[in-house]
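**Q** Mind looking over this structure? Questions follow.
The values are calculated or read from the model by the stated rules, or taken from the named source; none is laboratory data. Keep in mind that what you see is a predicted model, and the values were worked out from it rather than measured. So basically every Cβ, Gly included, is an ideal-geometry build from the backbone, and we count neighbours across all protein chains shown. Heavy atoms of the whole protein, side chains included, go into the accessibility calculation; ligands, DNA and RNA do not. Shrake-Rupley method; radii C 1.70, N 1.55, O 1.52, S 1.80 Å.
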Amino acid sequence: MVTKGRTELYYAYSHGMDIIGPVRQAVPDNHPNCTIRSTDKKGKEVNLFQPATEFLPLIDEVFESLIESTKDIKGAKVENNKFCVSVHYRNVDDKSWDLVGQIIHDILKGYPFLEVHPVIDWDKGKEVTFLLESLDEDAFKVLREGNKGYGILVSSAPKESNAVYSLRDPSEVIEFLKSLGVWKSSPLKSLI
């Protein structure tokens with residue numbers, strides 16, 4: 001059972017290896033075996049996209065090994081984040097940092113991991129691409145038809161879109177957001 005907040009939003013965790021979002025009729029064809037349906041704590045159906053599920057037993061094994069190997073190092077903390085493991089050493093005496101690093105290196109030698117997350121062809125960029133393929137123009141269409149908001153397409157090339165507005169690049173997005181902030185604090189906005 002998924003225990004995230006609002007089911008109409010997408011949540012992405014663990015470098016994009018754990019994405020939870022609303023049920024969509026169409027799932028991108030290049031990821032057919034990674035999306036499953038589940039229910040949230042209110043019983044509403046959601047989609048889970050978890051391309052590294054097959055690595056969960058290995059991640060748990062690495063987690064247990066790291067806990068055992070670092071238990072005598074004061075300040076070391078190992079955290080299991082489902083699809084990745086974090087070793088926190090900021091509270092470790094800096095003279096022991098090399099020891100923590102060596103322990104991690106020694107444990108990971110026998111596993112297909114890099115930085116204590118699975119070595120698969122997946123990263124935050126692919127996470128965003130997956131979300132865009134899942135959402136694309138459908139979101140703009142729903143916003144426009146339902147009068148629920150204003151879609152803004154960010155693209156350097158003009159193209160057909162259900163978005164109401166368009167901006168050319170991220171720098172224009174920043175300027176737009178700054179303008180909204182100024183407008184929100186303006187006493188003249190009540191005259192509009």
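**Q** So, in region 116-165, of the ones that are surrounded by 15 or more Cβ atoms within 10 Å (Cβ to Cβ) and assigned to a strand (DSSP E or B), which residue ends up modelled with the highest pLDDT?
**A** ILE152
**Q** Right, another one. Name every residue in region 3-34 that is modelled with pLDDT of 65 or more and either basic (Lys, Arg) or not in a loop (DSSP other than H, G, I, E, B) (or both), in order of residue number.
**A** Listed by number, the residues that qualify are TYR11, ALA12, TYR13, SER14, HIS15, GLY16, ASP18, ILE19, ILE20, GLY21, PRO22, ARG24.
**Q** Moving on. Can PHE55 be described as on the phi < 0 side of the Ramachandran plot, of a type outside the set (Lys, Arg), surrounded by 13 or more Cβ atoms within 10 Å (Cβ to Cβ) and at pLDDT below 90?
**A** yes
**Q** Say we look at region 73-100 and pick out the residues that are under 21 Å from SER14 (Cα atoms) and either without any contact (Cβ under 8 Å) to a residue 24 or more places away in the chain or touching a Cys at 6+ places or on another chain (Cβ under 6 Å) (or both); which of these is most open to solvent (accessible area, probe 1.4 Å)?
**A** Looking at the filtered set, the residue picked out is ARG90.
**Q** Which is under 20 Å from LYS126 (Cβ atoms) and modelled with pLDDT of 85 or more, of PHE113, PHE83, PHE63, PHE49?
**A** Within the list PHE113, PHE83, PHE63, PHE49, the selection yields PHE83.
**Q** Taking the condition of being of a type in the set (Phe, Trp, Tyr) and more than 18 Å from PHE55 (Cα to Cα), how many residues in region 78-104 meet it?
**A** Count: 2.
**Q** Just one of (1) touching an Asp or Glu at 6+ places or on another chain (Cβ under 7 Å); (2) assigned to a helix (DSSP H, G or I) trips up LYS178, so point out which.
**A** (1)
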